[in-house]
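Trainee: This is the structure I want to talk about, given as structure tokens.
The values are calculated or read from the model by the stated rules, or taken from the named source; none is laboratory data. In this text the structure is predicted, and so the values were computed from the model without any measurement. With ideal geometry, Cβ positions are generated from the backbone for all residues, glycine too; neighbour counts draw on all protein chains shown. Each accessible area value is taken on the protein alone, full model and side chains, heavy atoms only, with ligands, DNA and RNA left out. Shrake-Rupley method; radii C 1.70, N 1.55, O 1.52, S 1.80 Å.
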Amino acid sequence: MKLMRNRFQTVVVTVITGWLVLFVLAPNLMILLASFLTRDDNNFIRMVFTLSNYRRLADPLYIDVLVHSLNMAFIATVCCLLLGYPFAWCLSSLPARWRPVMLFLLILPFWTNSLIRIYALKIFLSVRGWLNNFLLWAGVIDHPLRIMYTPEAVILGLVYILLPFMVMPLYSSLEKLDKPCLEAARDLGAGRLQTFMRIILPLTMPGVIAGCLLVFIPAMGMFYVSDLMGGARNLLIGNVIKTQFLSLRDWPAGSATSIIMTALMGLMLLLYWRSAKAMNKKIIGINR
């Protein structure tokens, strides 16, 4: 029996390792290799080594798009945090029998493709959409609001898609919150603001950091949100990569941009790991 279990574990580990090597490691190595090669109009890539693809990323145009992407992703992350933290708090405060139902409703939108949901949001916010029709009917506005094809529309689309990714880690942290610490803070005369700033926020900081990363990193690459909600004036770095691969057929430049994005994401994950490690030490100190 033990021999069969060991064989099963070996097979499972081998299959998983092979899958990761074939569909994760190998494609990334191909992108890394292509980023140092030269563009070819006939074969997409010419086997000539060059660093020009990375030098081009220092062009002010690329820098502007990167800064704009970081700004849009940061604003969307802050909005998700401001909306998601109270929602996760209310969710964790519900009776135990209602929490699975609310979590199911939170995850339910994932059953529908995000592109379809963005199209639905676009119809809802358009000049002749349901929102403008309702506001005109209610007499709140005199003429339709132009919401689409603005930076605000892109941020709204990002928040609409990514909010559950913020709520889930926050809910996990709030659910594990040490209730005796809150009771001790009240017994010692701490107000609600003091309790939140000194007890709740430090203890839930790993969930805050995880949620921010889960929102911030994908927000820079969701090119279809920018295309549908913001138009050509509100590009994300994902739009640049898509254009380089599909429109310009400049695979080396697209690969270089992808490598820079991957390195940036890796740096953020490293910062998260170090922050989580520091927070765990702080939490252990608080519990002691």
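Trainee: From largest accessible area down, sort Arg55, Arg192; use a 1.4 Å probe on the protein chains.
Mentor: Arg192, Arg55
Trainee: State, as an integer percentage, the relative contact order of the chain based on alpha-carbon contacts under 8 Å between residues 6 or more apart.
Mentor: Taking the mean separation of contacting Cα pairs over the length of the chain, I get 27 percent.
Trainee: Note the full-extension length gain between Leu264 and Trp130 as 0.36 nm times their separation in residues minus their Cα-Cα distance, in nm to one decimal.
Mentor: Between Leu264 and Trp130, full extension yields an extra 44.3 nm.
Trainee: Something else about it: Share of the chain's accessible area from carbon and sulfur, percent, 1.4 Å?
Mentor: Ligands and nucleic acids excluded, carbon and sulfur give 70 percent.
Trainee: Per 10 Å bin, what is the whole-percent P(r) computed from every C-alpha pair distance within the range 175-282?
Mentor: Here the calculated profile for the range 175-282 is 13, 28, 22, 17, 13, 5, 1.
Trainee: Of the listed peptides 61-71, 256-266, what is their order by residue-averaged count of other C-beta atoms within 10 Å, with the highest listed first?
Mentor: 256-266, 61-71
Trainee: I would also like to ask the following. Roughly how many Å is it from the Cα centre of the range 190-268 to that of the range 8-27, as a whole number?
Mentor: 28 Å
Trainee: Could you work out the equivalent-ellipsoid semi-axes for the range 101-219, taking the square root of 5 times each eigenvalue of the Cα gyration tensor, largest first, in whole Å?
Mentor: Working from the Cα gyration tensor, I get semi-axes of 37, 19, 13 Å.
Trainee: The range 94-160: Rg/Rh from Cα coordinates, Kirkwood Rh?
Mentor: Rg divided by Rh gives 1.13.
Trainee: Let me ask something additional. Once the Cβ-Cβ distance between Tyr54 and Val24 is put in as r, and R0 is 25 Å, what FRET efficiency do you end up with, to the nearest 0.05?
Mentor: 0.65
Trainee: Further question on the same structure: In whole Å, largest first, what are the principal axis extents of the Cα atoms in the chain?
Mentor: 74, 73, 40
Trainee: Next up: Quick one: if you take sqrt(5λ) for each eigenvalue of the C-alpha gyration tensor of the range 1-74, what semi-axes come out, biggest first, whole angstrom?
Mentor: 41, 21, 8
Trainee: Let me ask another. How many nm separate the modelled label positions at Leu108 and Trp89, each set 7 Å beyond the Cα in the direction of the Cβ?
Mentor: Here the modelled spin labels are 2.5 nm apart.
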